[in-house]
Amino acid sequence: MLVKTKAIVISSVKYNEKSLIVRCLTESEGVQSYFIHNAFTGRNNKQKSVFFQPLTQLEIEGYHNNKKHLQKIKEVKVAYPYHSLHFDIVKTTIVLFLSEVLHHVIKEEGKNEELFRYLESALQWFDNHDKVFNFHLILLLQLTKYLGFFPQENLDNKIFFNIDEGVFSEKQSLNGLSVENTRLLKKLMELKFNSTEMVFTSLQRRQLLKIMIDYYSFNIENIGKIKSLEILSQIFD
């Protein structure tokens, strides 16, 4: 079946030195993996290999077979050319981190158009703005809405957040955050991408990042170690 769809590159892995296996979140077909034959040979293919950088937004025309794990691409072009994401060292580091997280947390569960549109618009906002020190934190938190475990009931009198249950509470559970870390999480929940004020110190951002990774690990099995996490932490020191 020939399918035309927008897609966001989640990850790409070199195969046999010449080819690529590219995993994408597509708008109409959910997560799909594509085999790119001879991606690094021939003038046209060398150009196309650039298309499959992390979180690139594409328009794909491909042959999809539900009985096969790897699909084939007939035509591909960039749907939204980034101006800064793959050229700015801070943004590039954030992109590598987010693509690794998305690779672990977005499972093969069919299409999710709301999730696709959220990531599409968020990445375009990220590309067009400079004050992005909280972008990855806000995106990780808001992403939980589409994955089904957004924190519940942000009430002032509930001063502890229980990571294992995803709720705020008056009492601290075994896996609950401290009062201070709960306060940081509540503050993060109030922020939008265009919130430009420096509300967190670098130490607080690192702590929030740890909180979010721990929260994801409680809700998603086999998330594994995020290898780019250390590099991201160094960028924001």
### Query
Using alpha carbons only, how many degrees (0 to 90, rounded to 10) separate the axis of helix 89-105 from the longest principal axis of the chain?
90
#### Entry: Proximal lysines to residue 187, defined as alpha-carbon separation beneath 18 angstrom and excluding residues fewer than eight positions away on the same chain
131, 145, 158, 210
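Grab the beta carbon distance between residue 80 and residue 157, set R0 = 35 Å, and tell me the FRET efficiency rounded to 0.05.
Working: r = 44 Å, r/R0 = 1.26.
Calculated value: 0.20.
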### Task
Report, to the nearest 10°, how far helix 202-219 tilts away from the longest principal axis of the Cα atoms in the chain, using its own Cα long axis and a range of 0 to 90°.
70
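Which value, in Å², gives the accessible area per residue of the stretch 45-199 when a 1.4 Å probe is used on the protein heavy atoms? Spell out each step's value before the answer.
Working: 8220 Å² over 155 residues.
Ligands and nucleic acids excluded, the figure is 53 Å² per residue.
Estimate the FRET efficiency between residue 90 and residue 192 by the formula 1/(1 + (r/R0)^6), using the beta-carbon distance for r and 22 Å for R0, to the nearest 0.05.
Details: r = 20 Å, r/R0 = 0.90.
The value I calculate is 0.65.
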#### Entry: Heavy-atom accessible area order for 68, 186, largest first, 1.4 Å probe
68, 186
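Heavy atoms only, 1.4 Å probe, whole protein assembly: order 221, 59 by accessible area, highest first.
Details: 221 150, 59 70 Å².
Most to least solvent-accessible, the answer reads 221, 59.
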### Extension reserve of the residue 227-residue 13 stretch, reckoned as 0.36 nm per residue once the Cα distance is removed
75.5 nm
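Please report, as a whole percent, how much of the solvent-accessible surface of the stretch 134-237 comes from carbon and sulfur atoms (probe radius 1.4 Å).
About 49 percent, which is the carbon plus sulfur part of the accessible surface.
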### Computed [θ] at 222 nm, helices only, for the chain once each DSSP H run of length n ≥ 4 contributes -39500 (n - 2.57)
-12000 deg cm²/dmol
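The values are calculated or read from the model by the stated rules, or taken from the named source; none is laboratory data. Since we're looking at a predicted model, the values are computed, not measured. Neighbour counts are summed over all protein chains in view; Cβ atoms, including those assigned to glycine, are modelled from backbone coordinates with ideal geometry. Surface areas here come from the heavy atoms of the whole protein model, side chains and all, with no ligands, DNA or RNA. Shrake-Rupley method; radii C 1.70, N 1.55, O 1.52, S 1.80 Å.
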